[in-house]
Amino acid sequence: MLKAQHGRIRVLAASTLVIGLVLGGGAAASATGTDGAATLSAASVRDLPSKQEIAAQFTAWDAAIATGNSQIVANRYGHGAVLLPTLSNRVRTDRAGIVDYFNHFLENKPRGRILQSIITIQGPHSAVDTGTYRFTFANGSTTDARYTFVYEKRNGHWVIINHHSSKMPEG
(Lines give C-alpha, C1' and ligand atoms only; values in the text may rest on other atoms or scores of the structure.)
Protein backbone atom coordinates (compact mmCIF):
# COMPACT_ATOMS: atom_id res chain seq x y z
CA MET A 1 0.00 0.00 0.00
CA LEU A 2 2.79 2.45 0.88
CA LYS A 3 4.59 1.60 -2.38
CA ALA A 4 1.45 2.34 -4.43
CA GLN A 5 0.95 5.68 -2.66
CA HIS A 6 4.61 6.61 -3.23
CA GLY A 7 4.16 5.99 -6.96
CA ARG A 8 1.05 8.21 -7.02
CA ILE A 9 2.92 10.96 -5.22
CA ARG A 10 5.70 10.86 -7.84
CA VAL A 11 3.16 11.04 -10.67
CA LEU A 12 1.32 13.89 -8.96
CA ALA A 13 4.58 15.80 -8.37
CA ALA A 14 5.68 15.34 -11.99
CA SER A 15 2.24 16.43 -13.26
CA THR A 16 2.31 19.50 -11.03
CA LEU A 17 5.78 20.42 -12.30
CA VAL A 18 4.72 20.11 -15.94
CA ILE A 19 1.52 22.12 -15.38
CA GLY A 20 3.48 24.80 -13.51
CA LEU A 21 6.04 25.11 -16.28
CA VAL A 22 3.39 25.27 -18.98
CA LEU A 23 1.13 27.77 -17.24
CA GLY A 24 3.90 29.76 -15.63
CA GLY A 25 6.17 29.85 -18.67
CA GLY A 26 9.08 28.88 -16.42
CA ALA A 27 12.04 26.94 -17.77
CA ALA A 28 9.99 25.19 -20.42
CA ALA A 29 9.82 26.95 -23.77
CA SER A 30 7.16 24.64 -25.17
CA ALA A 31 4.24 22.45 -24.27
CA THR A 32 2.50 19.65 -26.09
CA GLY A 33 -0.63 20.48 -28.05
CA THR A 34 -3.70 18.27 -28.33
CA ASP A 35 -2.31 16.68 -31.49
CA GLY A 36 0.94 15.76 -29.72
CA ALA A 37 2.98 18.39 -31.58
CA ALA A 38 5.12 20.87 -29.69
CA THR A 39 3.69 24.36 -29.41
CA LEU A 40 5.76 27.44 -28.63
CA SER A 41 5.03 29.87 -25.81
CA ALA A 42 4.02 33.41 -26.75
CA ALA A 43 7.50 34.68 -25.79
CA SER A 44 9.15 32.12 -28.05
CA VAL A 45 6.91 33.02 -30.99
CA ARG A 46 7.94 36.69 -30.66
CA ASP A 47 11.60 35.63 -30.85
CA LEU A 48 11.24 33.61 -34.05
CA PRO A 49 13.05 34.92 -37.12
CA SER A 50 10.96 35.83 -40.14
CA LYS A 51 11.27 33.87 -43.35
CA GLN A 52 12.59 37.07 -44.93
CA GLU A 53 15.38 37.21 -42.33
CA ILE A 54 16.37 33.66 -43.21
CA ALA A 55 16.09 34.29 -46.97
CA ALA A 56 18.46 37.24 -46.50
CA GLN A 57 21.13 34.77 -45.37
CA PHE A 58 21.41 33.39 -48.90
CA THR A 59 21.69 36.93 -50.27
CA ALA A 60 24.55 37.59 -47.84
CA TRP A 61 26.20 34.27 -48.76
CA ASP A 62 25.96 35.08 -52.49
CA ALA A 63 27.40 38.56 -51.82
CA ALA A 64 30.33 36.83 -50.10
CA ILE A 65 30.69 34.60 -53.19
CA ALA A 66 30.77 37.75 -55.38
CA THR A 67 33.85 39.03 -53.51
CA GLY A 68 35.87 36.14 -54.94
CA ASN A 69 37.49 35.73 -51.50
CA SER A 70 37.19 32.23 -50.02
CA GLN A 71 37.98 33.54 -46.51
CA ILE A 72 34.98 35.89 -46.65
CA VAL A 73 32.75 33.04 -47.84
CA ALA A 74 34.06 30.77 -45.07
CA ASN A 75 33.16 33.47 -42.53
CA ARG A 76 29.50 32.72 -43.30
CA TYR A 77 29.99 29.20 -41.86
CA GLY A 78 30.00 28.55 -38.13
CA HIS A 79 32.61 26.60 -36.20
CA GLY A 80 32.02 22.89 -36.80
CA ALA A 81 30.03 23.45 -39.98
CA VAL A 82 29.71 20.70 -42.59
CA LEU A 83 29.79 21.46 -46.32
CA LEU A 84 28.74 18.85 -48.89
CA PRO A 85 29.63 20.90 -51.97
CA THR A 86 28.14 20.91 -55.45
CA LEU A 87 31.31 20.37 -57.45
CA SER A 88 33.43 18.18 -55.18
CA ASN A 89 33.14 14.65 -53.85
CA ARG A 90 34.93 15.56 -50.60
CA VAL A 91 32.95 16.37 -47.46
CA ARG A 92 34.32 19.53 -45.82
CA THR A 93 34.15 19.46 -42.02
CA ASP A 94 36.43 22.30 -40.97
CA ARG A 95 37.26 25.85 -41.99
CA ALA A 96 40.39 24.80 -43.91
CA GLY A 97 38.34 22.37 -46.01
CA ILE A 98 35.64 24.97 -46.68
CA VAL A 99 38.23 27.56 -47.70
CA ASP A 100 39.93 25.00 -49.95
CA TYR A 101 36.67 24.21 -51.73
CA PHE A 102 35.83 27.85 -52.31
CA ASN A 103 39.37 28.63 -53.50
CA HIS A 104 38.62 26.42 -56.50
CA PHE A 105 34.89 27.14 -56.86
CA LEU A 106 35.43 30.91 -56.96
CA GLU A 107 37.94 30.68 -59.83
CA ASN A 108 34.93 30.46 -62.18
CA LYS A 109 33.29 33.60 -60.72
CA PRO A 110 29.94 32.00 -59.83
CA ARG A 111 26.78 33.89 -58.92
CA GLY A 112 23.86 32.10 -57.33
CA ARG A 113 20.15 32.63 -57.80
CA ILE A 114 17.39 30.86 -55.89
CA LEU A 115 14.90 29.08 -58.14
CA GLN A 116 12.74 27.59 -55.37
CA SER A 117 13.05 28.06 -51.61
CA ILE A 118 11.27 26.36 -48.74
CA ILE A 119 12.14 27.93 -45.39
CA THR A 120 11.35 26.17 -42.15
CA ILE A 121 11.78 28.06 -38.89
CA GLN A 122 12.91 25.56 -36.26
CA GLY A 123 13.01 27.98 -33.33
CA PRO A 124 14.45 31.34 -32.28
CA HIS A 125 17.99 30.25 -33.14
CA SER A 126 17.54 27.66 -35.90
CA ALA A 127 16.16 27.57 -39.42
CA VAL A 128 16.45 25.52 -42.61
CA ASP A 129 16.32 26.81 -46.18
CA THR A 130 16.05 24.10 -48.80
CA GLY A 131 15.26 24.19 -52.49
CA THR A 132 16.95 24.68 -55.82
CA TYR A 133 19.38 27.28 -57.13
CA ARG A 134 21.29 28.09 -60.28
CA PHE A 135 24.93 29.11 -60.50
CA THR A 136 25.95 31.19 -63.49
CA PHE A 137 29.69 31.29 -64.20
CA ALA A 138 31.86 33.94 -65.91
CA ASN A 139 31.97 31.88 -69.13
CA GLY A 140 28.15 31.90 -69.31
CA SER A 141 27.65 28.26 -68.31
CA THR A 142 25.16 27.35 -65.59
CA THR A 143 24.70 24.60 -63.05
CA ASP A 144 21.36 23.89 -61.41
CA ALA A 145 21.53 22.26 -58.01
CA ARG A 146 19.47 21.27 -55.00
CA TYR A 147 20.51 22.83 -51.71
CA THR A 148 19.94 22.74 -48.00
CA PHE A 149 21.29 25.43 -45.70
CA VAL A 150 20.89 24.87 -41.96
CA TYR A 151 21.33 28.13 -40.07
CA GLU A 152 21.98 28.72 -36.40
CA LYS A 153 22.02 32.04 -34.59
CA ARG A 154 25.22 32.31 -32.55
CA ASN A 155 26.18 35.40 -30.60
CA GLY A 156 23.48 37.36 -32.38
CA HIS A 157 24.59 36.37 -35.91
CA TRP A 158 23.25 33.75 -38.29
CA VAL A 159 25.83 31.21 -39.47
CA ILE A 160 25.62 28.19 -41.73
CA ILE A 161 26.14 24.98 -39.77
CA ASN A 162 25.28 22.56 -42.57
CA HIS A 163 25.25 23.16 -46.31
CA HIS A 164 24.45 20.41 -48.76
CA SER A 165 24.43 21.13 -52.47
CA SER A 166 24.15 18.63 -55.29
CA LYS A 167 23.67 18.92 -59.04
CA MET A 168 20.21 18.22 -60.33
CA PRO A 169 20.02 14.58 -61.44
CA GLU A 170 17.98 15.42 -64.53
CA GLY A 171 19.56 18.10 -66.59
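Annotations
- Any hit, the stretch 32-45, residues being of a type in the set (Val, Ile, Thr), open to solvent by less than 80 Å² (accessible area, probe 1.4 Å), within 24 Å of Ile119 (Cβ to Cβ) and modelled with pLDDT of 95 or more: no
- Here Ala64, Ala56, Ala127, Ala81 are screened, and the one residue that is touching a strand residue (DSSP E or B) at 6+ places or on another chain (Cβ under 9 Å) and either loosely packed, with under 14 Cβ neighbours inside 10 Å or in a helix (DSSP H, G or I) (or both) is Ala56.
- Any hit, the stretch 163-171, residues being under 21 Å from Gly80 (Cα atoms), modelled with pLDDT of 95 or more, open to solvent by 60 Å² or more (accessible area, probe 1.4 Å) and not in a loop (DSSP other than H, G, I, E, B): yes
- The residue list Asn89, Asn103 contains one member that is part of a loop (DSSP other than H, G, I, E, B), out of contact with any Cys (no Cβ under 9 Å at 6 or more places or on another chain) and not aliphatic (A, V, I, L, M), which is Asn89.
- Which listed residue, of Arg92, Arg111, Arg76, Arg134, is charged (D, E, K, R), in contact (Cβ under 8 Å) with a residue 24 or more places away in the chain and open to solvent by less than 80 Å² (accessible area, probe 1.4 Å): Arg76
- Meets criteria (open to solvent by 50 Å² or more (accessible area, probe 1.4 Å) and under 18 Å from Glu107 (Cβ atoms)) for Asn69: yes
- The single condition from (1) modelled with pLDDT under 95; (2) open to solvent by 80 Å² or more (accessible area, probe 1.4 Å) that His104 fails is (1).
The values are calculated or read from the model by the stated rules, or taken from the named source; none is laboratory data. Everything quoted here is computed from the prediction, not taken from an experiment. Glycine gets a Cβ as well: all are built from the backbone with ideal geometry, and neighbour counts include every protein chain shown. Please note that ligands, DNA and RNA were not included when accessible areas were found on the heavy atoms of the full protein model with its side chains. Shrake-Rupley method; radii C 1.70, N 1.55, O 1.52, S 1.80 Å.
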